[in-house]
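Novice: Below are the structure tokens for one structure; questions will follow.
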Amino acid sequence: MMRKMTPLQTLGIVFCAIAVVWLTMQIAVFNTCLESKFIPANANYLCQKEQNYLLLRVHDLAKSEPTCTKLLKVLETNVNTLTDRPKIFVITPTFTRPVQKAELTRLSHTLLLVPNIHWIVIEDAAIKTDLVTNFLAKSQLKFTHLNVPTPHPMKMSQDDPSWLKPKGVLQRNAGLAWIRSHVSLQERGVVYFADDDNTYDLDIFEEMRYTHMVSVWPVGLVGGLMVERPLVKEGRVVGWNTVWKPDRPFPIDMAGFAVNVTLLLKHPEAGFSLSVPRGYQETRLLRDIVSVDQLEPKADNCTKVLVWHTRTEHPKLKQEWKLSIPSNVNIEV
Ligand SMILES: *[C@@H]1O[C@H](CO)[C@@H](O)[C@H](O)[C@H]1NC(C)=O
């Protein structure tokens, strides 16, 4: 039985219909752009970026209309399968500490705005914690939850003032192992190592999405510099501006590169190691799969900063340690 609609509801439906038609037209235009042979390959991501922003914008406009939102969801799922954009596998090692949930919340909210993403979260722990398990379950992201403990003597790197942060070596390797056993050679995608304490511009995900082998870009606030970056000449990486351990073959931060997933599948030996010195993990992975002249510079020939190596201050918990009953009994922080 049809109930009579108020004029406002009618208007809402009409608006929704117009929005959907408009969106469909726009998407058709962007799909043409994506498939066009006449635009250079490195410009394809711009079409994708526009399309992503468009979808977000329409969501914003339609959020007060439940029917419209539902319709858009269906449309968006179809667009995602139709455009067949490469998937981004985000590998995030994490460990228990007071700020863990806050950091994961921040990162997950960034990832929620990135289409076609698969978040692989690996806890440095002997068993999966309730905190991370419950957090992921309500995150609305497509995820895989793994855990592997770092053997105790290896856990801290003594020469690092941020000694509380473990190296994440076994965790990242566990993420790679999962990809190698679950992703087929036909899958189009990239792998990105995103720690939970960095800050990410959404654009970096669209930049890395179309990576043929290994793409690179600047990272802000790392290596004792405002920006650490590859030096690019005529579209090729010719060196680095790195000051800290500049003799490394790949003097680059974990947040500054992405690897084509097929390339990793074809090199099952490529990974990280507990026995390499600090700063050499990136080199350990990259030396087996790519040479410097093959690197694909992103972010306008490495002139833009789209990711920052931010660090959260250790919270001051002096009063907490004095309490006989912790302030967070039965409260997850
Ligand atoms: C990067 O540099 C190359 C060579 O100078 C140029 O052809 C290309 O357009 C530049 N790319 C961007 C995105 O600025």
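Each reported figure results from applying straightforward, stated rules to the coordinates on display, with no laboratory input. Nothing here was measured: the structure is a model prediction, and the numbers come from that model. Cβ coordinates were reconstructed from backbone atoms using ideal geometry, including for glycine residues, and neighbour counts include every protein chain displayed.
Novice: Take the chain, connect every pair of alpha-carbon atoms lying under 10 Å apart with a spring to form a Gaussian network, then pick out the residue of Gly224, Gly175, Gly271 with the largest mean-square fluctuation.
Specialist: Maximum fluctuation in the GNM of the chain, among the listed residues, is at Gly224.
Novice: In debye, nearest 20, what is the charge dipole magnitude of region 199-333 about its Cα centre with +1 on Lys and Arg Cβ and -1 on Asp and Glu Cβ, if you could check?
Specialist: Details: 16 positive and 17 negative charges, 88 e Å.
The calculation lands at about 420 debye.
Novice: Sum up the charges of everything whose Cβ sits under 14 Å from the Cβ of Leu225, counting Lys and Arg as +1 and Asp and Glu as -1, but leave Leu225 out.
Specialist: On the way: positive: Arg229, Lys245; negative: Glu228, Asp253.
Local charge sum for Leu225: 0.
Novice: Evaluate the charge dipole of the chain about its Cα centre and quote only its size in Debye, nearest 20, assuming +1 on the Cβ of each Lys and Arg and -1 on the Cβ of each Asp and Glu. Don't jump to the answer; show the numbers that get you there.
Specialist: Details: 38 positive and 33 negative charges, 115 e Å.
That gives the chain a dipole magnitude of about 560 debye.
Novice: Hey, another quick one. Rounding to the nearest 10 and keeping the result within 0 to 90°, find how far the Cα-based axis of helix 44-62 lies from the longest principal axis of the chain.
Specialist: Around 60 degrees separate the two axes.
Novice: I've got another one for you. Just the Cα atoms of region 289-333: what Rg and Dmax do they give in Å?
Specialist: 22.2, 59
Novice: With springs only between Cα atoms under 10 Å, which of Arg188, Arg284, Arg57 fluctuates most in a Gaussian network model of the chain?
Specialist: Result for the chain, Cα springs under 10 Å: Arg57 fluctuates most.
Novice: While we're here: Under a 5 Å amide H to amide H cut-off, with H placed in plane at 1.01 Å, what residues pair with Gly189 once short-range neighbours are removed?
Specialist: Those lying under 5 Å, H to H, from Gly189 are Lys87, Val261, Thr262.
Novice: Stretched out fully, how many nm does the piece from Leu61 to Arg248 gain, at 0.36 nm a residue minus the Cα gap?
Specialist: Extra length from Leu61 to Arg248 when fully extended: 62.4 nm.
Novice: Pick out, from Leu306, His145, Ile204, the residue whose Cα sits farthest towards the positive end of the charge dipole of the chain, with +1 on the Cβ of Lys and Arg and -1 on the Cβ of Asp and Glu.
Specialist: His145
Novice: FRET efficiency for Ile18 and Thr105, Cβ-Cβ distance as r, R0 = 35 Å, nearest 0.05?
Specialist: The value I calculate is 0.45.
Novice: Where both residues lie in the chain, what percent of DSSP beta bridges are antiparallel, nearest 5? Don't skip to the end; give the middle numbers.
Specialist: Working: 15 of 35 bridges.
Around 45 percent of the beta bridges assigned by DSSP in the chain are antiparallel ones.
Novice: Another question about this same structure. Just for region 203-333, what percent of DSSP beta bridges are antiparallel, to the closest 5? All intermediate terms of the calculation are to be shown ahead of the outcome.
Specialist: Details: 10 of 13 bridges.
Taking every DSSP beta bridge with both residues in region 203-333, the antiparallel ones total about 75 percent.
Novice: Another question, if that's okay. Using a Förster distance of 30 Å, how high is the FRET efficiency between Thr310 and Asp84, based on the Cβ-Cβ distance and rounded to 0.05? Spell out each step's value before the answer.
Specialist: Numbers: r = 33 Å, r/R0 = 1.11.
Once the sixth-power term is evaluated, E becomes 0.35.
Novice: Under a GNM of the chain (C-alpha, springs under 10 Å), which listed residue has the highest mean-square fluctuation: Pro277, Pro251, Pro115?
Specialist: The residue that fluctuates most here is Pro277.
Novice: In whole angstrom, how far apart do the alpha carbon centroids of region 9-31 and region 246-303 sit?
Specialist: Taking the Cα centre of region 246-303 as reference, the centre of region 9-31 is 43 Å away.
Novice: Please give me, ordered by residue number, the GluC sites (Glu not before Pro) of region 253-326 that lie in loop per DSSP and have at most 11 other Cβ atoms within 10 Å. Mind showing how you got there, number by number?
Specialist: Values: sites: Glu269, Glu282, Glu313, Glu320; in loops: Glu269, Glu313.
Hits after loop and neighbour filter: Glu269, Glu313.
Novice: Cross-link partners among lysines for Lys70, C-alpha distance below 27 Å, same-chain residues fewer than 8 apart left out?
Specialist: Lys4, Lys49, Lys87, Lys138, Lys142
Novice: Calculated FRET efficiency, Asn328 and Glu187, Cβ-Cβ r, R0 25 Å, to nearest 0.05? Walk me through the intermediate numbers first.
Specialist: Working: r = 42 Å, r/R0 = 1.67.
The calculated FRET efficiency here is 0.05.
Novice: Same structure, new question: Once you have the Kirkwood Rh of region 178-289 from its Cα pairs, apply Stokes-Einstein at 37 °C and 0.692 mPa s and quote D in µm²/s. Mind showing how you got there, number by number?
Specialist: On the way: Rh = 15.0 Å.
Estimated diffusion coefficient is 219 µm²/s.
Novice: Starting from the amide H of Asn147, placed 1.01 Å from N in the peptide plane, find each other amide H under 5 Å away whose residue is 5 or more places distant or on another chain.
Specialist: Counting only residues 5 or more places away or on other chains, the set is Glu123.
Novice: Another one. I'm checking a number: the convex hull volume of the Cα atoms of region 95-139, normalised per residue, in Å³. What is it? The partial results should precede the final answer.
Specialist: Values: hull volume 3.1 nm³, N = 45.
Normalising the Cα hull of region 95-139 by residue number yields 70 Å³.
Novice: Can you give the extra length, in nm with one decimal, that the chain gains between Asp130 and Thr69 once fully stretched, where that is 0.36 nm per residue apart less the Cα-Cα distance?
Specialist: Working: separation 61, 0.36 × 61 = 21.96 nm, distance 3.19 nm.
Fully extending the segment from Asp130 to Thr69 adds 18.8 nm.
Novice: To one decimal place, what orientation-averaged projected area in nm² is obtained for the convex hull of the Cα set of the chain?
Specialist: Working: hull surface 89.1 nm².
Averaged projected area of the chain's Cα convex hull equals 22.3 nm².
Novice: Please compute the length gained on full extension between Lys142 and Thr6, using 0.36 nm multiplied by the number of residues separating them and subtracting their Cα-Cα distance. Don't skip to the end; give the middle numbers.
Specialist: Details: separation 136, 0.36 × 136 = 48.96 nm, distance 3.84 nm.
Full extension from Lys142 to Thr6 adds 45.1 nm.
Novice: What longest range of the chain stays clear of loop-exposed chymotrypsin sites (Phe, Trp or Tyr not before Pro) (DSSP non-H/G/I/E/B, at most 16 other C-beta within 10 angstrom)? All intermediate terms of the calculation are to be shown ahead of the outcome.
Specialist: Details: sites that count: Phe38, Trp163, Trp244.
No qualifying site falls inside 39-162, the longest such stretch.
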